[in-house]
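Below is one structure, written out as structure tokens, with a few remarks after it.
No value in this document is a laboratory result; all are computed from the given coordinates. The structure presented is a predicted model; accordingly, all values stated were derived computationally and were not measured. Backbone-built Cβ (ideal geometry, glycine too); neighbour counts: all protein chains shown.
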Amino acid sequence: MNPDLMNQVADKIGSNGLPYLVPLHPAFVHLTLGLFIAAIAFDIVAALFPVEKPLFKFMAVPATRSALFDVGWYNLLAAAIITFFTVAAGFFEMLLAVPLADVKSAWGFHALETMIWHGIGGITILTLVVAMTVWRGFQRYRWRKDRSREVQWSYLAAGLAIFVLMFVQGTLGAHLGGEFGIHVTADQLIHLGENPNQSLHGALFPGAGE
């Protein structure tokens with residue numbers, strides 16, 4: 001690789017260890033979580049609609065079963081798309097990670113072990129979300145397109161099981177940021193013996209102290 005290019009990239013990396021101000025991976029993660037959770041939640045509500053219909057009527061909520069299933073489907077489709085960006089940003093930022101040394105997580109892992117498991121978890125969840133989207137698509141457009149309940153109970157159970165995997169994956173990610181200080185600017189500055197208040201104020205408001 002061109003050394004000049006490497007130097008240009010290095011010059012652009014800030015105190016958070018990234019060539020941009022705010023890490024992208026956490027933002028994409030929350031999009032994945034929100035969209036997937038909403039998708040399964042709306043499908044559960046739609047699947048139980050005959051039981052809930054009197055409540056919707058009492059609350060004057062103009063909900064229809066098909067509309068609830070529509071929301072579930074389009075949220076899942078969006079989750080499948082955004083998760084590719086989530087995983088890509090995660091691996092890019094992991095390649096630039098400089099974790100705090102001699103630290104163990106609450107689960108007893110070192111930084112490298114945590115990153116490996118978090119990376120494996122990311123690929124696993126991406127695969128599962130895409131598989132769930134394909135499964136959901138077949139139910140919507142082929143297997144159950146003429147039925148009032150658009151999804152199978154086994155599909156909903158699989159979605160709830162994935163919630164558990166997402167919790168584990170999210171906890172590993174929280175360990176990387178919270179305990180190992182990966183791409184957490186304040187943690188990295190403290191580790192270097194600098195005052196985050198002064199350093200960050202100078203970076204955000206150059207020339208303010210002059």
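Maximal additional length on extending the PHE163-SER148 stretch stands at 2.8 nm, based on 0.36 nm per residue less the C-alpha distance.
Mind checking the log10 I(q)/I(0) for the range 57-181 at q = 0.11 Å⁻¹? Debye, one equal scatterer per Cα, no solvent, two decimals. These q points yield log10 I(q)/I(0) values of -0.52.
Counted residue by residue at 0.36 nm each, then reduced by the alpha carbon distance between them, the extension gain from ILE116 to PHE84 reaches 9.7 nm.
As a calculated quantity, the FRET efficiency between TYR74 and THR127 at R0 = 30 Å, using C-beta atoms, amounts to about 0.90. Prolate is the label for the range 96-165, because a/c, from the alpha-carbon gyration tensor with a ≥ b ≥ c as root eigenvalues, is 1.5 or above and a/b exceeds b/c.
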